[in-house]
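*Asks:* Please see the structure below; I have some questions.
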Amino acid sequence: MTQTEARGAGRPVLLAFSGGLDTSCCVPWLKEQTGQEVVTVTIDTGGIDAEAASALAERSAALGAARHVMLDARPQFFTDVIRFLIFGNVRRGATYPLCVGAERILQA
């Protein structure tokens, strides 16, 4: 057993999970490669309704994840990110509001 394996023994692997192709492929791959349980985590920064949240949890389970966690980061996303983009009138190419991808900071 390697030192890395010993450190992670018995602890689940956390996977930032969107339910898309890439993260969906990661669930079974991580289980196989690490021998650990995989826990999927989705950070809700807005736009995930109850139906979408349920679909993410179902997809996660179907892929073999031990469990799925949905974290509500909407208030923090507005307070820490969006309001500054609005106040600064930040725009990509001087036209498009620069908020796409801004949630990556909270997700990380």
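*Asks:* Count charges around Glu37 for me, please; just the other residues with Cβ under 10 Å from its Cβ, Lys/Arg as +1, Asp/Glu as -1. Don't jump to the answer; show the numbers that get you there.
*Replies:* Working: positive: Arg11, Lys31, Arg67; negative: none.
Within the 10 Å Cβ shell, the charges total +3.
*Asks:* Once you list every other residue whose beta carbon is under 12 Å from the beta carbon of Leu71, what net charge do they have if Lys and Arg are +1 and Asp and Glu are -1?
*Replies:* My count for the surroundings of Leu71 gives -2.
*Asks:* Among the DSSP beta bridges whose two residues both lie in the range 2-108, what percent are antiparallel, rounded to the nearest 5?
*Replies:* Rounded to the nearest five, the antiparallel share is 15 percent.
*Asks:* On C-alpha positions alone, give me the angle between the axis of helix 21-34 and the longest principal axis of the chain, in degrees, nearest 10.
*Replies:* 30
*Asks:* Suppose R0 equals 41 Å; then what is the FRET efficiency for Ala9 and Ala62 from their Cβ-Cβ distance, rounded to the nearest 0.05?
*Replies:* In this case the efficiency is close to 0.95.
*Asks:* Sort Phe78, Phe87 from largest to smallest accessible area, using a 1.4 Å probe on the heavy atoms of the protein chains.
*Replies:* Solvent-accessible surface, decreasing: Phe87, Phe78.
*Asks:* Considering the Cα positions of the chain, please state its Rg to one decimal place and its Dmax as a whole number of Å.
*Replies:* Reported Rg and Dmax, both Å: 17.0, 54.
*Asks:* Whole-Hz ³J(HN,Hα) for each residue in the range 67-83, computed from phi via Karplus 6.51 cos²θ - 1.76 cosθ + 1.60 with θ = phi - 60°, x for glycine and proline: what do you get?
*Replies:* For the range 67-83, the Karplus-derived couplings read 6, 10, 10, 10, 9, 8, 10, 4, x, 5, 4, 5, 5, 8, 10, 4, 4 Hz, x marking Gly and Pro.
*Asks:* Compute the helix-to-body angle for 50-62: its Cα long axis versus the longest principal axis of the chain, expressed 0 to 90° and rounded to tens.
*Replies:* Its long axis makes an angle of about 20 degrees.
The values are calculated or read from the model by the stated rules, or taken from the named source; none is laboratory data. Bear in mind the structure is a predicted one, so any value in this text is a computation, not a measurement. As a convention, Cβ positions derive from the backbone with ideal geometry for all residues, glycine included, and neighbour counts pool all protein chains shown. These accessible areas exclude ligands, DNA and RNA; they are computed on the full protein's heavy atoms, side chains included. Shrake-Rupley method; radii C 1.70, N 1.55, O 1.52, S 1.80 Å.
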